[in-house]
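Okay, so here's the structure we're looking at.
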Amino acid sequence: MEARDLIVSSVMVVSAFVMVYTLVYNYTPKDPVIVVSSVVFVGMLAILFLSVDERLKKIERDIKRKERSLRVSLQSVEEEVKEQVSNATSKLEEVKEEILLKRRYR
């Protein structure tokens, strides 16, 4: 986890605490359970967002790895196809030359 993620989640939890503390103690009877549960809820929400972020990064890394693998495979296939086309072209040229030579002798 990056430092930025830790800072953002800490700020989120502290701001939720301040917000809930202010709302609860200014407008309703004083109940610390509401404050603590709200802070825990926001903390879990922050952890959920960070978890989703990590999973997305993992998926992105996997996709990049597979893309590199595919690129290498495609390059090797391309080289093989070029070689086979080159061989087939040279054989066709040889056959063409033989046919032309046979026509000259007749």
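Read the figures in this text as sums done on the coordinates, not as results from a lab. Note that this is a predicted model, so its numbers are computed, not measured. So basically every Cβ, Gly included, is an ideal-geometry build from the backbone, and we count neighbours across all protein chains shown.
Observations on the structure shown:
- Residues of type lysines that LYS58 reaches as a straight line, Cα spacing below 18 Å, ignoring anything fewer than 8 places off in the same chain: LYS66
- A simple spin-label model places pseudo-atoms 7 Å from Cα toward Cβ; at SER76 and GLU94 they are separated by 2.8 nm.
- In the chain, the longest principal axis of the Cα atoms and the axis of helix 32-105 are about 0 degrees apart.
- Degrees separating the helix 3-27 axis from the principal Cα axis of the chain, which is the longest one: 30
- 19 Å Cα-Cα reach of LYS102 towards aspartates and glutamates, excluding residues that sit fewer than 8 places from it in its own chain: GLU93, GLU94
- Using R0 = 25 Å, the C-beta based FRET efficiency linking PHE49 and THR22 works out to 0.60.
- With coordinates expressed along the principal axes, the C-alpha atoms belonging to the chain extend over 115, 22, 14 Å, beginning with the largest.
- Placing a label point 7 Å from the Cα of SER86 along the Cα-to-Cβ direction, the residues of segment 32-75 whose backbone N falls under 18 Å from that point are 74-75.
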